[in-house]
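Visitor: Input: one structure, supplied below.
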Amino acid sequence: MPDEVVYIDRFEIRDGKLEEFKRYAEEMAAFVEQEEPRVSSFNYFVDEVEGSGTAVFVFSDADALDRHLDVASSKFQQGYELLSGTKIELLGPASQRAAEMSRSFGASLKQRLAGFSRST
């Protein structure tokens, strides 16, 4: 889908906060699955040995990402406090609002050059 927006966050988990982060991630994923039907994919990956992880969220379009910001933003601080570092990329046609918010966290924004998505 050419309108999809992908959010990628590579992060470091604070020492001693892995179990708390796991709970946060599970609760956030369940919340998004229940409340946001236009989120195509919402996944956290973690390396428990290194204490690092990657979040990959795929939104059907810019409006779905904006809705996520409205619905879930109250939960972001809780997760952010568990991290010691983060590197965010926002890929695709995000709204001005989402772009500005992402840049405030040091994100890089990239537009699609070529490719495709396939439903299987």
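The values are calculated or read from the model by the stated rules, or taken from the named source; none is laboratory data. If you're wondering where the values come from, they're calculated on a predicted model, not measured in any experiment. Neighbour counts run over all protein chains shown; Cβ positions are idealised from the backbone, glycine included. Just the protein is used for accessible areas: all its heavy atoms, side chains included, with ligands, DNA and RNA removed. Shrake-Rupley method; radii C 1.70, N 1.55, O 1.52, S 1.80 Å.
Visitor: If a residue has to be acidic (Asp, Glu), at pLDDT 95 or above and open to solvent by 50 Å² or more (accessible area, probe 1.4 Å) to count, how many in the range 26-63 make the cut?
Guide: 6
Visitor: Next question, about the same structure. Scan (1) over 15 Å from residue 105 (Cβ atoms); (2) free of Cβ contacts under 8 Å to residues at least 60 places away in the same chain for the single condition residue 79 breaks and write down its number.
Guide: Only one criterion in (1) over 15 Å from residue 105 (Cβ atoms); (2) free of Cβ contacts under 8 Å to residues at least 60 places away in the same chain is unmet by residue 79, namely (1).
Visitor: Sort out which residues of the range 61-113 are touching a helix residue (DSSP H, G or I) at 6+ places or on another chain (Cβ under 6 Å) and part of a loop (DSSP other than H, G, I, E, B), and write them in order of number.
Guide: 82, 93, 94, 95 - these are the residues of the range 61-113 that are touching a helix residue (DSSP H, G or I) at 6+ places or on another chain (Cβ under 6 Å) and part of a loop (DSSP other than H, G, I, E, B).
Visitor: Also, quick follow-up: Under the condition of being out of contact with any strand residue (DSSP E or B) (no Cβ under 9 Å at 6 or more places or on another chain) and aliphatic (A, V, I, L, M), which residue from the range 67-96 is most open to solvent (accessible area, probe 1.4 Å)?
Guide: Among those residues, the one meeting the criterion is 71.
Visitor: Can you tell me which residues in the range 3-18 are outside any strand (DSSP E or B) and open to solvent by 100 Å² or more (accessible area, probe 1.4 Å)?
Guide: From the range 3-18, those outside any strand (DSSP E or B) are 3-4, 14-18; that's our starting set.
Listed by number, the residues that qualify are 14, 15.
Visitor: Now a separate question. Check whether at least one residue in the range 29-36 is part of a helix (DSSP H, G or I), charged (D, E, K, R) and over 25 Å from residue 3 (Cα atoms), and report yes or no. Even if it seems obvious, please write down each step before you answer.
Guide: Initially, the range 29-36 is screened for residues part of a helix (DSSP H, G or I), giving 29-35.
Okay, now just the ones that are also charged (D, E, K, R), so 33, 35.
Subsequent filtering for residues that are over 25 Å from residue 3 (Cα atoms) retains none.
Scanning the range 29-36 turns up no residue that is part of a helix (DSSP H, G or I), charged (D, E, K, R) and over 25 Å from residue 3 (Cα atoms).
Visitor: Just checking, does the range 108-118 include any residue being more than 17 Å from residue 13 (Cα to Cα) and within 14 Å of the chain's Cα centre (by Cα)? Can you show your working first?
Guide: Let us first name the residues in the range 108-118 that are more than 17 Å from residue 13 (Cα to Cα), namely 108-118.
Checking the rest, the ones that are also within 14 Å of the chain's Cα centre (by Cα) come to 108-109.
So far as the range 108-118 goes, yes, one or more of its residues are more than 17 Å from residue 13 (Cα to Cα) and within 14 Å of the chain's Cα centre (by Cα).
Visitor: Considering only residues that are of a type outside the set (A, V, I, L, M) and in a strand (DSSP E or B), which ones fall in the range 37-57? Walk me through it before giving the result.
Guide: Just the residues of the range 37-57 that are of a type outside the set (A, V, I, L, M), to begin with: 37-38, 40-45, 47-48, 50-54, 57.
Those that are of a type outside the set (A, V, I, L, M) and in a strand (DSSP E or B): 40, 41, 42, 43, 44, 45, 47, 52, 53, 54, 57.
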